[in-house]
Ligand SMILES: [Zn+2]
């Protein structure tokens, strides 16, 4: 390991093929300014490369800190932007392995490395010489001739150091670093436990009669999942959202729906060695202690300081304003469902495992809309082309498949495209990893393998989209649900946010914006899925090739606010629990009891369960990520709804001048300006709550 480390450090760009060189360490080579060397990487390269990358960055940072010249923006702030390039590249590949190729070997590396990486970060933010230089540049930022972007970068660096404890005394720093390392270990265990329950539990169906109600694509997916597990001829409903939700929507077998539902909502809560409850208690206590150490009343106050909301009270205010009408809507939805169940003589009271199933029946009865009528028109590959169409019309981006011989991928399912502007200049690369597999975390996400920058020469971005669609039979098109199609456009919105970036410094680039702002561009682009321009051209029936009928589209439109009570309450209950857990301060928290009592106090409808129950809430407990930050989706949606009205008030979804304002003030600027200022420049005013309530079909506030 040490040999690999020093061999790697000695080599810069040359000799990448020499056998002793860790392929993760040299600068990326190949077309497009270099691409990740996935073809050369093996799991055993990860740990030595991370260690070498950290050592290299510490040496770089020490040089910046010990510079005898007086501190300037260039020799301190910009120099920090230049530092750590190797570790950035290694971390990118490491992140891909932990999120999408996660096996025993990767998990062992994660367990070893996560506390080391936390300690490494603290060594940098606790470097007093370095912080003194940053503080000096910060003190003179307005008078030293810096551009607004340079001033903002200086502000960001300075506040991030302070927020990470740069001003604490030595004893407090030591305690802080110990807490961060403990937390890193706990986060890793939390995420691995959820993954273990997703991998280890499944609903096995052996009797075809038990498939009652399931449409053909769902059956095919379950057959495929079984075959992949060596159970050919049977059917498997995997314990992941993309398998469970369609099953709950269509299975006519109430007993099996209940089984599937219980399996899914109990991830991380099954007792035994993958149980997350004790870990949550520990995480919350450590976070509360850390916040106090840093001078904040709670973890939530610390987390929200640099967001748009700025303080928990403002986030709570928004959530509470939406909660009451959403719960009222759920009562109506449940009444509609109960009426259908009663009429059918089902003799049941609607339970959480019935919600999706009966909601479908209500949708049919009220809107004459059947999800299974829509799905045959939603072919994954056609929708991808539809997204490319949207990107071309709104942002001028042209997508072209790369030469697979020149751009290696980390799994045969992954494909890559180059993105060019109308003049044919390269914008960046887009990688697409669409299918579920063992070892890939559930859900959908975007990540940046490399961010755009130009302060030391043009660097083009590399972004990726990941999802967990269930592969159909070989050679057959993959059909997805309307919800999944929206998610596809959502994640692509994040990718376009990254691709649109037009800034100088990587720390301010692309999607590196405030947490409660980052979902705004992605949520906004979900809207284009339901435009006639996309549906007429790209929602084509997988057998007849005919476009989705106008009447069906009209029905989809009319049903737009259908089930918003469910969607909103499912989400908001998670967001409220997240915030309340982190406002609770230093008391020892029993997550199960806290969840139960808080939901009861909120008046949570018994027919719905949180979208992410506490023991499986990866957003909040697998990293600091969305901790005290799950409200961000609602906060961003306030902007999203209002921004969509900017289009509808003008020439419609394809209005070029609104699209240009959106690009100039939102998509391209990254974190170079305050997001509130960017939004105001786009819209001419701040966003109120009215558009959000209209979007969800709730009564608008007076
Ligand atoms: Zn998102």
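The values are calculated or read from the model by the stated rules, or taken from the named source; none is laboratory data. Everything numeric here is computed off the predicted structure, so don't read it as measured data. Neighbour counts are summed over all protein chains in view; Cβ atoms, including those assigned to glycine, are modelled from backbone coordinates with ideal geometry.
Numbers for the structure displayed
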item	result
Residue under evaluation residue 531, criteria (1) closer than 28 Å to residue 186 by Cβ; (2) touching a helix residue (DSSP H, G or I) at 6+ places or on another chain (Cβ under 9 Å); (3) surrounded by fewer than 21 Cβ atoms within 10 Å (Cβ to Cβ), criterion not met	(1)
Number of the exception - residue 252 against (1) touching a residue at least 40 places away in the same chain (Cβ under 8 Å); (2) surrounded by 20 or more Cβ atoms within 10 Å (Cβ to Cβ); (3) within 27 Å of residue 377 (Cβ to Cβ)	(2)
Number of the exception - residue 667 against (1) under 27 Å from residue 572 (Cβ atoms); (2) within 16 Å of the ligand (Cβ to nearest atom)	(1)
Meets criteria (in a loop (DSSP other than H, G, I, E, B), in contact with a helix residue (DSSP H, G or I) (Cβ under 7 Å, 6 or more places away or on another chain) and at pLDDT 95 or above) for residue 672	yes
Failed condition for residue 102, given (1) more than 30 Å from residue 443 (Cβ to Cβ); (2) not in a helix (DSSP H, G or I)	(1)
Failed item, numbered, when residue 544 is tested on (1) without any contact (Cβ under 8 Å) to a residue 12 or more places away in the chain; (2) assigned to a helix (DSSP H, G or I); (3) farther than 24 Å from residue 698 by Cα	(2)
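This table checks each residue for (1) within 24 Å of the chain's Cα centre (by Cα); (2) in a helix (DSSP H, G or I).
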site	(1), (2)
586	no, no
607	no, no
611	yes, no
636	yes, yes
651	no, no
678	yes, yes
692	yes, yes
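Residues checked against (1) within 13 Å of the ligand (Cβ to nearest atom); (2) crowded, with 23+ Cβ neighbours inside 10 Å; (3) free of Cβ contacts under 8 Å to residues at least 60 places away in the same chain; (4) not in a loop (DSSP other than H, G, I, E, B):
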{"residue": "466", "(1), (2), (3), (4)": "yes, no, no, yes"}
{"residue": "476", "(1), (2), (3), (4)": "no, no, no, no"}
{"residue": "485", "(1), (2), (3), (4)": "no, yes, no, yes"}
{"residue": "488", "(1), (2), (3), (4)": "yes, yes, no, yes"}
{"residue": "492", "(1), (2), (3), (4)": "yes, yes, no, yes"}
{"residue": "498", "(1), (2), (3), (4)": "yes, yes, no, yes"}
{"residue": "507", "(1), (2), (3), (4)": "no, no, no, yes"}
{"residue": "516", "(1), (2), (3), (4)": "yes, yes, no, yes"}
{"residue": "522", "(1), (2), (3), (4)": "yes, yes, no, yes"}
